[in-house]
1. Of the residues in segment 18-44, how many are of a type outside the set (K, R) and modelled with pLDDT under 90?
2. State all residues of segment 180-199 that are in a helix (DSSP H, G or I), small (G, A, S) and surrounded by fewer than 17 Cβ atoms within 10 Å (Cβ to Cβ); if no residue qualifies, say none.
3. Working only within segment 74-98, note down all residues that are in contact (Cβ under 8 Å) with a residue 60 or more places away in the chain and part of a strand (DSSP E or B).
4. Only one of K219, K251 is at pLDDT below 90, basic (K, R) and part of a helix (DSSP H, G or I). Can you tell me which?
5. What's the total number of residues in segment 157-179 that are assigned to a helix (DSSP H, G or I) and surrounded by fewer than 14 Cβ atoms within 10 Å (Cβ to Cβ)?
6. Of all residues in segment 116-136 being surrounded by fewer than 17 Cβ atoms within 10 Å (Cβ to Cβ) and either in a helix (DSSP H, G or I) or over 18 Å from the mean Cα position of the chain (by Cα) (or both), which is modelled with the highest pLDDT?
7. Please go through segment 63-83 and pick out each residue that is under 14 Å from the mean Cα position of the chain (by Cα) and crowded, with 22+ Cβ neighbours inside 10 Å.
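The values are calculated or read from the model by the stated rules, or taken from the named source; none is laboratory data. Since the structure is predicted, the reported quantities are computational estimates derived from the model, not experimental observations. Here Cβ is always computed from backbone atoms with ideal geometry, including for glycine, and neighbour counts include all displayed protein chains.
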Amino acid sequence: MYFVLTSLLSFVSNPTFYIFCCFVIGWLLRNRRWKRGLYGTGIFLLLLFSNQPLLEFAQKQWYAEYDRPLPAGKTYRYGIVLGGYSNWDWERNRVEFSEIADRLLQGIYLYKHKRIEKLVLASDGAIIENESGRGPKGNLDGMKDFLDAMGMPDEDVIYETRARNTRENVTLTAELLGGNLHASSALLITSAIHMRRSIAAFRAAGLDMDCYITDTPVKVPGQRYSWLPSVWTMARWPELLHEWIGYVVYKIRGW
């Protein structure tokens, strides 16, 4: 069921799907009025979702309230890093990182600067234990070797290796850390647009914690946004739409 829902969500959160449907249905219909309407809608959606300034504005509004520095001098018992930043490459026997690897890098940075005492990796493709044989299969020992080479003491890294989604991140991390998570301060570390849904899920479970966002868009001084349609911009929309839909679903289910 999890994989069916994941596949369905990938469709409904992808604007390309709706644009494609508009053009295909418009091509199949004989009614000129409906045909023009669907073609016009498809063109409108294409221009809307390929506009870079609009995407940057929507993202900023989504994570703005969490975009703040950590309290000066405050340290945390746990820094909880949510997964999705890597997979284990079994062919080459090494970890391969995605574009959101900043989650892990910032977690290591905070540990090295003594802002957190323990780094908690709340599941990830590179460490997940997959008993079903479907989906990613990680290599926990391989990731431990990698982090050891990065100077992370094994005794200060806690691995949660079963969660497959954000909701399971909450329940399984709480189960792993037990009462220590409630009694100690914790810092949630994840991508900027993922933070709203993630922190809401943790707080719904009674786990209130501070936030540290990563993977934020960088505005380079002197660089101007282009208003011209961009395929690269359209490819980035599904991530944000996924968060919007997921957030609504979590609210409906009381998560």
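1. The first filter runs over segment 18-44 and keeps only residues of a type outside the set (K, R), leaving 18-29, 31, 34, 37-44.
Remaining after also requiring modelled with pLDDT under 90: none.
Residues that pass the stated criteria total 0.
2. In the first step, residues of segment 180-199 are kept if they are in a helix (DSSP H, G or I); the result is 180-183, 192-199.
If we keep only those that are small (G, A, S) too, we end up with 183, 192, 198.
Listed by number, the list holds a single entry, A183.
3. Matches in segment 74-98: Y76, R77, Y78, G79, I80, V81, L82.
4. On the way: K219 fails: part of a helix (DSSP H, G or I).
Of K219, K251, the one residue that is at pLDDT below 90, basic (K, R) and part of a helix (DSSP H, G or I) is K251.
5. The initial filter retains those residues of segment 157-179 that are assigned to a helix (DSSP H, G or I), namely 166-177, 179.
Among the residues that remain, those that are also surrounded by fewer than 14 Cβ atoms within 10 Å (Cβ to Cβ) are: 175, 179.
Selection size over segment 157-179: 2.
6. Ranking the candidates gives E117 first.
7. Initially, segment 63-83 is screened for residues under 14 Å from the mean Cα position of the chain (by Cα), giving 63, 80-83.
Of everything in segment 63-83, those that are under 14 Å from the mean Cα position of the chain (by Cα) and crowded, with 22+ Cβ neighbours inside 10 Å turn out to be I80, V81, L82, G83.
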